1. Please work out if A274 is in the same structural domain as A231 (by TED's automatic domain parsing), in contact with a Lys or Arg (Cβ under 9 Å, 6 or more places away or on another chain) and at pLDDT 95 or above.
2. Of (1) within 24 Å of V442 (Cα to Cα); (2) part of a helix (DSSP H, G or I), A267 satisfies all except one. Which?
3. Counting only residues that are surrounded by fewer than 16 Cβ atoms within 10 Å (Cβ to Cβ) and closer than 10 Å to G350 by Cβ, how many does the range 105-116 have?
4. Give the range 65-81 a look and list any residue that's in contact with a helix residue (DSSP H, G or I) (Cβ under 9 Å, 6 or more places away or on another chain) and not in a loop (DSSP other than H, G, I, E, B), or say none.
5. Kindly list the number of the only condition in (1) modelled with pLDDT under 95; (2) away from the ligand (no atom under 16 Å from the Cβ); (3) over 30 Å from R256 (Cα atoms) that fails for Y326.
6. Return the residue satisfying two criteria in turn: it lies in the range 194-223 and is of a type in the set (A, V, I, L, M, F, W, C) and touching a strand residue (DSSP E or B) at 6+ places or on another chain (Cβ under 9 Å), and of such residues it is surrounded by the fewest Cβ atoms within 10 Å (Cβ to Cβ).
7. Out of all the residues in the range 57-68, is one or more touching a Leu at 6+ places or on another chain (Cβ under 9 Å), of a type in the set (D, E, K, R) and more than 30 Å from I456 (Cα to Cα)?
8. Would you mind stating whether S100 is modelled with pLDDT of 95 or more, outside the structural domain of L20 (by TED's automatic domain parsing), assigned to a helix (DSSP H, G or I) and within 15 Å of P302 (Cβ to Cβ)?
Amino acid sequence: MVSGATAVTTERLFSMAARLASNFRASVLNRPHRPARDYAASVEAFSEDLPKLGTDMEDVLALLAEKADPGLHLMAGPRFFGWVIGGSHPMGVAADFLTSAWGQNAGNHTASPSAAAVETIAARWLLDVLSLPPGCSVGFVTGATVANFTCLAAARSQVLRHAGWDADAKGLFGAPPVSVLIGDDAHTTVFSALQFLGLGHDRVVRVATDEQGRIDNASFARSIAEVDGPAIVILQAGQINTGAFDDFASLIPLARSKNAWIHIDGAFGLWAQASSKTRHLTPGVDQADSWATDGHKWLQTPYDSGYAIVRDETAHRRAMTIAASYLPLANDEERDPSHYVPELSRRARGFPTWAMMKHLGRDGITALVDNACDATALLAERLSGEPGIAVINEVVLNQLILRFGSDLPPEQGDHLTKNTIFRLQQEGSMFAGGANWRGRQVMRLSVINYQTTPDIASEVAETIIRTYRAVRSRQNSA
Ligand SMILES: *Cc1c(COP(=O)(O)O)cnc(C)c1O
């Protein structure tokens, strides 16, 4: 028997979900920044054979919350600095609740006029706040990985078309080879996108980078000089460890001279465009052909939300739609969301994006960027004031990498850095991860949560310093 929900049970179930959600969020400020249960214990908690008989909906929801809760990581908290993870703002979450409840298939504008229309408006707002050309098309995808994929699919199609080859129809077998230039410190997911597109993650030309992970202009000039035929150049706005930006103003004209398609991965860094305090980092960024960025990082929407932005709308649609559906519509004013993304059926991702931007306004988005950068600068200043802690990167944005025991031989510094990260994670009053940078262990802080105030940043700096001192004195006496 399939249970039919009455209006009363639906009301109770949705209210219960809302209560559980707000209880979780209320716990964000005093819950440890580490999951109480690891993966194996979490599998154990959910483990049972598929039951023959069903369970009442409220009981299922209660069970889900009870079983999942201990294995949740406090990624939405103000002291979470791991990877690059936005705060999943309540405004976006609430809009996402409604999106699920409405159950709209956002494939086309006749199926769901509102879902398509909200994307039209949100796309316009995104281009405005990111200072990109207003004529660009925007696909609402799951994240920057798929945004990179979508943009590079358009790039592949277009550069081959110019070489007389229809890759969308004929594929890559027999196609003229496409040169792909990419910085050595590009994000791993861009290499994945190249892999999915048949361009290969290894056959690319990896251009040397400087100590901040920026493409070295002289190396780029040498590599691009050798390009002959169709070419794609991939640049970066915001390196995940350092926050560094490639020198778009110098590199883009060189790429243009070879008729290359220029794509920029700006998963979080493109948001530097939203503030006059960070826009000095991005000159020339608007000269590219396509851009990938995320909503679920700096804009604080819940997962999954990313944007594939393409200057040439026809190239974008041609790469994402089959048959003649990319040809001009009867009414060109009408948007079909599926023409800009790889999927047909999907959730109406425009709603949470629209809600976040409407809630924050232009000033609120600027403040998000400025606050995170200010908190990062404060952390850098406090931490570098402690003997033996070194800030490794030029702090230009919201990314900070640190070495502990910087006065010691490198191996001891690696050890001390690893142990400090471990101790902090054990203690659980905040979360930071580690990374390998230029062959050495570092601690990474990515400041990208709307709740990370200067007060919290200075308290976090003290926690890190206190933990480092304790680990160091223990290591000395061991
Ligand atoms: C996070 C990130 C990506 C991947 O984005 P997802 O949203 O995880 O798919 C790509 N590039 C950079 C620079 C990133 O920071």
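The values are calculated or read from the model by the stated rules, or taken from the named source; none is laboratory data. This is a predicted model, so every value here is computed, not measured. Backbone-built Cβ (ideal geometry, glycine too); neighbour counts: all protein chains shown.
1. yes
2. It fails just one condition, (2).
3. 1
4. A65, E66, K67, A68, D69, P70, G71
5. So Y326 meets the others, but not (3).
6. A208
7. Yes, there is a match, as at least one residue in the range 57-68 is touching a Leu at 6+ places or on another chain (Cβ under 9 Å), of a type in the set (D, E, K, R) and more than 30 Å from I456 (Cα to Cα).
8. yes
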